[in-house]
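Take a look at the structure set out below.
The values are calculated or read from the model by the stated rules, or taken from the named source; none is laboratory data. In this text the structure is predicted, and so the values were computed from the model without any measurement. Note that each Cβ is placed from the backbone with ideal geometry, even for glycine, and that neighbours are counted across all protein chains shown. Keep in mind that these areas ignore ligands, DNA and RNA; they rest on the heavy atoms of the full protein, side chains included. Shrake-Rupley method; radii C 1.70, N 1.55, O 1.52, S 1.80 Å.
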Amino acid sequence: MNAPLVLDWPSANQQLLVAEFARLRALLGDGDPTEARRHVADMARQMPAPAAIDTLAAVFDLSDFERDLLLLAVGVEMDARLAALCAQGLGQPQRPWATFGLAMAALPDPHWSAVTPVRPLRRFRLVEIDDGSGLSSGRVKVDERVLHFIAGINYLDHRLQALVSAEPDGGLMADAHRQVAHQAARDLRRCTGALPPVLLHGDDADGQRDVASLLARELGVALYHLRASDIPAAAHEQASLASLWQREAALLGGGLLLSRTDDTHAEALVRLMARIDGLRVVTGPTAPPIDTEALSYRVDKPDAPGQRALWRAALGGDARASSEMVDQLASQYRLGSRTIARSAARLPAGEPGRHCTMLRDLGRDTATRMGTLARQVEARATWDDLILPDGQKRTLEQIAVHARHRITVHHDWGFADKGGSGLGIASLFSGESGTGKTLAAEVLAHTLGLALYRIDLSAVVSKYIGETEKNLRTVFDAAEDVGAILLFDEADALFGKRSEVKDSHDRYANIEVSYLLQRMEAYR
């Protein structure tokens with residue numbers, strides 16, 4: 001006696017479909033329905049895992065009649081004999097397809113609600129009905145994506161491929177971000193009912209995507225990325241997108257990552273999220289205004305110790321040879337894990353002697369331009385070029401020493417734990433023109449390997465209320481990420497003394513000075 005043949009899943013799934021089509025043909029008068037059902041049961045027992053049609057029926061909670069109606073629509077596409085029997089049953093040889101009326105007459109346990117828009121077949125666009133000839137006489141056509149899924153081929157719907165892409169697994173990751181992902185996974189597992197959306201906000205866009213990727217992996221969900229700017233504004237287009245995605249989320253076992261680069265598109269994003277369920281992660285600089293319950297976590301760029309750990313992990317054994325430069329990079333720049341990983345990958349392997357120079361250059365490569373608000377100064381001057389009395393020169397050298405050892409003092413020794421502000425270095429150079437104030441700033445920038453930006457006061461200061469603060473915010477936010485030295489040349493135009501308020505102009509002038517002093521204290 002021969003042992004039963006063990007089939008792989010695609011072959012077994014195909015054979016089960018053949019048996020199902022034979023059962024449908026028997027229901028239409030071509031064969032014995034009892035024998036056909038027995039053959040289907042035999043094929044089902046040989047499946048190493050549930051068949052695609054059974055998975056789909058379970059995921060969308062199809063009734064037996066809805067399952068058979070879907071199989072009938074699939075069968076006329078894949079089985080010529082079944083298509084001919086449908087044409088014969090309709091009495092119209094030129095119409096070899098399934099109709100709802102034919103299904104109601106031939107399939108067991110029929111119910112009219114199967115083709116209502118609120119039931120799964122049409123709600124999730126598993127089938128479409130050409131109702132030009134009436135609902136019962138119109139052709140029932142299976143969606144191509146669903147047809148291929150039932151045949152054993154699973155892929156992202158081509159109508160979504162221009163908008164949605166698979167999110168890759170994160171690589172190098174900060175410990176703080178890893179903890180956020182673990183906490184979010186624990187919080188979601190404790191939720192009952194529909195999962196609330198997860199809101200990740202802060203200044204590290206790449207870090208937020210890494211957190212989302214790790215969260216999805218912990219939950220066993222495939223993550224797909226949709227930019228908020230690509231969400232259609234029209235309500236009917238949003239409804240179509242939501243319907244397509246909801247079906248894809250079920251077929252692929254996927255979750256959706258919605259990313260924002262700014263505070264725009266919030267309304268369209270919130271409306272779309274209200275139409276879908278499952279895992280939904282929103283990233284951006286701020287959390288969108290959501291009325292429903294949500295889980296919110298802040299994900300900023302790693303602090304100096306976190307960046308130092310990332311540099312050491314990215315450089316591996318070569319980090320020891322460049323430990324001093326790694327400390328300087330970690331304390332002077334605010335880089336995300338992806339930027340650090342890319343920078344470390346560009347370093348020559350096995351040449352630690354070149355690391356210090358190249359690491360400094362890579363740090364400079366990350367510098368973002370601040371538009372017309374500031375101009376980068378090429379700092380080439382050295383200590384030999386600076387002619388100053390010994391006292392002033394020693395003070396400048398101490399400033400450089402402070403900058404180099406900030407990570408040791410603030411973080412290794414714990415002084416940063418005492419307070420989060422005042423961790424930067426602010427210096428006031430005063431004196432007559434030509435005494436070397438700007439040259440001293442260039443020497444410090446050259447010594448520390450930092451970018452030097454001269455603030456263009458004509459572009460920063462504005463006569464319109466609130467514009468000066470907005471311009472200053474842009475300058476400080478951009479410079480914070482790259483550890484730039486900001487040079488406020490002729491600073492008395494901005495750093496004026498707060499005066500007695502006599503009119504609205506005095507009030508707003510004081511606000512500008514106060515805001516500038518606050519940002520200087522927070523700037524690192």
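Below, the figures for the structure above:
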read-out: Filter on K301/K393; K301/K437; K301/K470 - keep pairs with C-alpha separation over 30 Å; value: K301/K393; K301/K437
read-out: Amide hydrogen neighbours beyond the local backbone of L223, cut-off 5 Å, H modeled; value: E167, G255
read-out: Rounded Å value of the spacing that divides the Cα centres of segment 131-198 and segment 219-237; value: 10
read-out: Among H111, A451, Y515 - extreme Cα towards positive end, dipole of the chain, charges at beta-carbon; value: H111
read-out: Rounded accessible area per residue of the chain, 1.4 Å, Å²; value: 50
read-out: Pair E324, I399: separation of 7 Å Cα→Cβ label points (nm); value: 2.2
read-out: Segment 1-136 - charge dipole about Cα centre, Lys and Arg +1 at Cβ, Asp and Glu -1, debye rounded to 20; value: 80
read-out: Percent carbon-and-sulfur accessible area, the chain, ignoring ligands, DNA and RNA, probe 1.4 Å; value: 51
read-out: Length-normalised contact order for the chain - Cα pairs under 8 Å, 6+ apart - percent; value: 10
read-out: For peptides 258-264, 224-230, sequence by mean Cβ density within 10 Å, most packed first; value: 224-230, 258-264
read-out: Per-pair calculated FRET efficiency, R0 = 30 Å: I465 and S430 via Cβ, rounded to 0.05; value: 0.50
read-out: Ranked order, E442, E490 - accessible area, probe 1.4 Å, largest first; value: E490, E442
read-out: 0 to 90° range, to nearest 10: angle between helix 9-27 axis and the chain longest Cα axis; value: 40
read-out: Point-charge dipole on Cβ atoms (K/R +1, D/E -1) for the chain, about Cα centre, debye to 20; value: 280
read-out: Long-range amide H partners of A374 with built H, under 5 Å; value: D456
read-out: From the coordinates shown, semi-axes √(5λ) of the Cα gyration tensor in Å corresponds to which of (i) 72, 49, 18; (ii) 66, 27, 17; (iii) 44, 29, 26; value: (ii)
